[in-house]
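This report refers to the structure that appears directly beneath it.
The values are calculated or read from the model by the stated rules, or taken from the named source; none is laboratory data. The shown structure was predicted, so the numbers you read here are calculated from the model rather than taken from an experiment. Using ideal geometry, Cβ is built from the backbone for each residue, glycine included, and neighbour counts are taken over all protein chains shown. Protein only, heavy atoms only, side chains kept; ligands, DNA and RNA dropped before computing areas. Shrake-Rupley method; radii C 1.70, N 1.55, O 1.52, S 1.80 Å.
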Amino acid sequence: MHAKFYNMIKFTIITCTYNAAKVLKRTMESVHEQVYPYYEHIIMDGRSSDGTLLVARKYSSQDLRVIVKSEKDNGLYDAMNKAMQLANGDYVLFLNAGDTLFSETTLEDIAGKLKYGNKPAVLYGDTDIVDNWGIFKRPRHLRPPKNLTWKSFRFGMLVCHQAFYARTDLAKNIPYDTKYKYSADVDWCIRILKAAEAEKATILNTRLTVCSYLDGGMTTQHHRESLIERFWIMVKHYGLITTLLMHLWFLVRRK
């Protein structure tokens, strides 16, 4: 067995789908190709009417680590909450249909960063942006800080949701707030990091590019609504004055 496998840290990768047959194969293949064996891949489907389930079940029939559920939900974040409660891994990661792990050694490389017996509250890394064909476009504009805390998100979502691995016991106790339709992931990451600080847990910067993110996801498609939600999420966590000042800084930064 490879030396990096000694920790036997298990990852739960969650992909929530609805009519995602055109892009799901790329995501499932990137997980299926991982050389690191200790993971499970939960597909939580919202009763798709296209070929999504055919794609998912093709992989589940070949690999017991792939778990497929299909049932009605009350939106993406409700589906994420349902899937999270099924997680059996040490860390949970949400990988959207169309997104991929960066390489076939991504999980192995992340596990290799962990010291024996140490389980940081959050593992995080960097992200590349790809197009609808999975072709590299650019690194993500916002880059992860050297040291991540809940206060880091005052400057925007510096760590992509798909590059944010939360310890499962924390994640299960902090569900996504389903009153948000487009930006509950921002609120969730901040609350996870607050909980980590409260228990004085470590946050590990893997210093790796861990994800390839599909350009044009739900947040991009509903950009205005997402920005409004993010504003009020920031007000909740950082206060109105800080949020207004940071948004002025955002405007300056873009010029």
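When Arg47, Arg191 are compared by accessible area of protein heavy atoms, the largest-first order is Arg47, Arg191, using a 1.4 Å probe. Per residue of the chain, the DSSP helices (runs of n ≥ 4 H) give a summed -39500 (n - 2.57) that works out to -10500 deg cm²/dmol at 222 nm. Segment Ile228..Leu240, full-extension length gain: 3.0 nm, with 0.36 nm per residue of separation and the alpha-carbon distance subtracted. Under a model in which nothing but the beta-carbon of Lys, Arg (+1) and Asp, Glu (-1) is charged, segment 72-127 shows a dipole of about 260 debye around its Cα centre. Counting only C-alpha contacts under 8 Å and six or more residues apart, can you give the relative contact order of the chain as a whole percent? With pairs under 8 Å counted, the relative contact order is 22 percent. The equivalent ellipsoid that matches the C-alpha gyration tensor of the chain spans semi-axes of 27, 22, 18 angstrom, in descending order. Per the Kirkwood formula applied to alpha carbons, segment 1-117 shows a radius of gyration over Rh ratio, Rg over Rh, of 0.98. Computed about its Cα centre, the charge dipole of segment 57-173 is approximately 360 debye, with only Lys, Arg, Asp and Glu carrying charge at their Cβ. Computed on segment 143-238, with alpha-carbon pairs under 8 angstrom and 6+ residues apart, the relative contact order is 35 percent.
Split the accessible area of the chain by element, probe 1.4 Å, and carbon with sulfur accounts for 55%. Under a 5 Å amide H cut-off, with hydrogens placed 1.01 Å from N, Val68 pairs with Ile43 among residues at least 5 apart or on other chains. Relative to the Cα centre, the charge distribution of segment 1-132, modelled as +1 at Lys and Arg Cβ and -1 at Asp and Glu Cβ, gives a dipole magnitude of about 380 debye.
Identify, among His161, Thr149, Ser183, the residue whose Cα sits farthest towards the positive end of the charge dipole of segment 115-255, taking +1 on the Cβ of Lys and Arg and -1 on the Cβ of Asp and Glu, with the dipole about the Cα centre. Working it through, the farthest residue towards the positive pole turns out to be Thr149.
Over segment 85-232, accessible surface divided per residue gives 46 Å², non-protein components excluded, 1.4 Å probe.
Placing a pseudo-label 7 Å from each Cα along the Cα-to-Cβ vector at Glu29 and His141 gives an inter-label distance of 3.0 nm. With a 1.4 Å probe rolled over the protein heavy atoms of all chains, the accessible area of Ser61, Ser103, Ser212 falls in the order Ser61, Ser103, Ser212, largest first. For a 32 Å ceiling on Cα separation, which of these pairs sit above it: Lys58/Lys200; Lys200/Lys236; Lys72/Lys146; Lys113/Lys236; Lys10/Lys69? From the list (Lys58/Lys200; Lys200/Lys236; Lys72/Lys146; Lys113/Lys236; Lys10/Lys69), the Cα-Cα distance tops 32 Å for Lys58/Lys200; Lys72/Lys146; Lys113/Lys236.
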